[in-house]
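Every number in this text was worked out from the coordinates using simple rules, so none of it is lab data. Owing to the predicted nature of the structure, the values given are computational and were not obtained by experimental measurement. All Cβ positions, glycine included, derive from the backbone under ideal geometry; neighbour counts span all protein chains shown.
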Amino acid sequence: MSKIVRAAMLLPLFLAVSGCASIGVTLAGLGAGVGTNHYLNNITSRTFTEPLATVQTAVFGALERMAIPIETREQTPSGILITAKAGVREVEIELESVTVSATRMSSFARKEGAFLLDAATSAEIIAQTEKLLAQPRRPARRG
């Protein structure tokens, strides 16, 4: 194997280990969906320019669309925590009010008892929530 090929293969590893985590994470995250963040622990997150109540309604709609039953919904100091069950996957969604008009949504799913997380299911929950938020809203009826 040539020295150039070997160096090209090891460069991302050296960057990540050498303390230049931002470059290593950026290289590892290339190809991720626009607007959705996957951290090293596979928790998927996205901030929406919508109030918390609006995002919560969209999350409920997304879970219903995906046939994922909600188990619990509880108020937390930072917002709302929703737990659900998708077959053998445990799903946890955290909604955090960043401002009155911005809400951060974090989602993760994992098989029961498993250590590894299912980033694909988490990303799809966020994508379905985003679709519902993008739909035109009907004006409120007056009268």
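Scanning region 87-128 for residues that are aliphatic (A, V, I, L, M), surrounded by fewer than 17 Cβ atoms within 10 Å (Cβ to Cβ) and not in a helix (DSSP H, G or I) yields a count of 6. The set of residues in region 48-60 that are more than 15 Å from Pro136 (Cα to Cα) and either in contact (Cβ under 8 Å) with a residue 60 or more places away in the chain or touching a Lys or Arg at 6+ places or on another chain (Cβ under 9 Å) (or both) comprises Phe48, Gln56, Val59, Phe60. Here is the figure for region 119-143: residues that are in contact (Cβ under 8 Å) with a residue 60 or more places away in the chain and farther than 15 Å from Ala58 by Cβ total 3.
Looking across region 38-86, the residues that are among the basic types (Lys, Arg) and surrounded by fewer than 16 Cβ atoms within 10 Å (Cβ to Cβ) come down to Arg65, Arg73, Lys85.
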